[in-house]
Amino acid sequence: MRSTTAWRTATSGALEPALIRRRSLRPDDLAVRVDHCGVCHTDLHSVRDRTDDEAVVPGHEFTGAVTEVGSGVTRFRIGDRVAVGNIVDSCGTCAMCRTGQENFCHDFPTLTYGGTDRLDRTPTSGGFAREYVVRDRFAYALPPALDPAGAAPLLCAGITVWEPLRALDVGPGTRVAVVGLGGLGHLAVKLAAALGAEVSVVSRSSSKRDDARRLGAHELIVSTDAAQLAAARERFDVVVDTVAVAHDLSPYLRLVALDGTLTQVGHLGPVTVNTTDLLIGRKSLSSAGSGGTRATAELLDFCAEHGITADVEVLPSAKVNEALDRLARGDVRYRFVLDMSDL
Ligand SMILES: [Zn+2]
Ligand SMILES: [Zn+2]
């Protein structure tokens, strides 16, 4: 076993520094020095809405450098820049794994934290730590063109919106609306625009209009303005709904064009949909989350080619609790990334 410093949940309800264990390297493992880790809504839930007493180290979108490799590793060498997302293993044999969609593994993928290692059955601890040990198949070469802080959120927020954009064939001529301009939404705008789509943002207020344009959208539709929503009726081939709290989907389904799709990426759980809202216009409703190894590697290449990273506010990891507080009130443009060098 090896040990590393980390930010771990404590009875106080905040994250506190702790010394945690990592497994000794297996033949196909890498030890990664975590330099930057993004702060995702999932992290906030795992700290604030805990239902059991098991301590958790959050963090599942990080970048860093390889410091040690197992005896069988050929894809990486010491010193390589790498990125890791929210899946660190899967069964490798089911139909989903065989097509590179390990995020949908029939045996459920091993999560980067809060999961259970498939071999030694120990709980996994995340990237709010100075070191992570990961199976080489689930580490990605970080292209030299990408800033390591700005690239970290690509591994969760980025891939979550990239997979549906690709699956829905978003490209030149596609009319895309992105609902909600947060961590996921701002990346959806950048990626859809770089794919060649005509992008609009749907937001509760006009306060982010300048940002929307800077990110690559050509307009901002204010969702609380009934006239603006009505004018946008059936204008979009793809609507990417990033709103992460339960809400009525019908106003956004009304924006979908004939044979178009509303894709919901906010993990809403049960929602009620009136199928008439799908019938009129032969519309589809889909969802997506996280990503497989194939799409994640493709996303990193695409981002390197197009110069895309997240807009981030980098904080020393010692400010992790402040980052969670501010994330809870939506006070971030558009993703916090922790600099782990103070650990
Ligand atoms: Zn996440
Ligand atoms: Zn599988």
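The values are calculated or read from the model by the stated rules, or taken from the named source; none is laboratory data. Nothing here was measured: the structure is a model prediction, and the numbers come from that model. Every residue, glycine as well, gets a Cβ built from its backbone with ideal geometry; the counts of neighbours run over all protein chains shown. Side chains included, ligands, DNA and RNA excluded: accessible areas come from the protein's heavy atoms. Shrake-Rupley method; radii C 1.70, N 1.55, O 1.52, S 1.80 Å.
As a check on your grasp of the helix formula, calculate [θ] at 222 nm for the chain: sum -39500 (n - 2.57) over DSSP H runs of n ≥ 4, divide by the residue count, round to the nearest 500.
Numbers: 11 runs with 83 residues, N = 343.
Dividing the helical sum by the residues of the chain leaves -6500 deg cm²/dmol.
Along each of the three principal axes of the Cα atoms of the chain, give the extent in whole Å, ordering the values from largest to smallest.
The Cα atoms of the chain stretch 60, 42, 37 Å along the principal axes, largest first.
Give the long-range amide H neighbours of G115: residues separated by 5 or more places, or on another chain, with amide H under 5 Å away, using H modelled in the peptide plane at 1.01 Å from N.
T124
Going through region 32-106, which GluC sites (Glu not before Pro) have at most 10 other Cβ atoms within 10 Å and a DSSP loop state?
Numbers: sites: E54, E61, E68, E102; in loops: E54, E61.
Taking region 32-106 and a limit of 10 other Cβ atoms within 10 Å, the loop GluC sites (Glu not before Pro) found are E54.
Tilt of helix 157-167 relative to the longest C-alpha principal axis of the chain, in degrees (0 to 90, nearest 10)?
Computed tilt is about 50 degrees.
From the gyration tensor of the Cα coordinates in region 158-287, what semi-axes in whole Å does the equivalent ellipsoid have, largest first, with each one equal to sqrt(5λ)?
19, 16, 15
Need the list of lysines near K319 for cross-linking: C-alpha distance under 30 angstrom, and skip anything on the same chain fewer than eight residues off.
Here the lysines satisfying the reach criterion relative to K319 are K190, K208.
Which percent of the accessible area of the chain is formed by carbon and sulfur heavy atoms (probe 1.4 angstrom)?
The C+S portion of the solvent-accessible surface of the chain is 50 percent.
I need the phi-derived Karplus couplings for region 203-220: 6.51 cos²θ - 1.76 cosθ + 1.60, θ = phi - 60°, integer Hz, Gly and Pro marked x.
Taking θ as phi minus 60°, the curve returns 9, 5, 9, 8, 5, 9, 4, 5, 4, 4, 5, 4, 6, x, 7, 9, 7, 10 Hz for region 203-220.
Using a simple charge model, +1 on the beta-carbon of Lys and Arg, -1 on the beta-carbon of Asp and Glu, nothing else, what dipole does region 264-343 show about its Cα centre, in debye to the nearest 20?
440
Give me, ordered by chain and number, the residues 5 or more places off E313 or on other chains with an amide H under 5 Å from its own placed amide H.
Y334, R335, F336, V337
Which whole-Hz ³J(HN,Hα) couplings does region 87-101 yield from phi under the Karplus relation 6.51 cos²θ - 1.76 cosθ + 1.60, θ = phi - 60°, glycine and proline marked x?
Each residue's phi maps through the Karplus curve to give 10, 10, 5, 7, 5, x, 10, 6, 4, 5, 4, 5, 9, x, 9 Hz.
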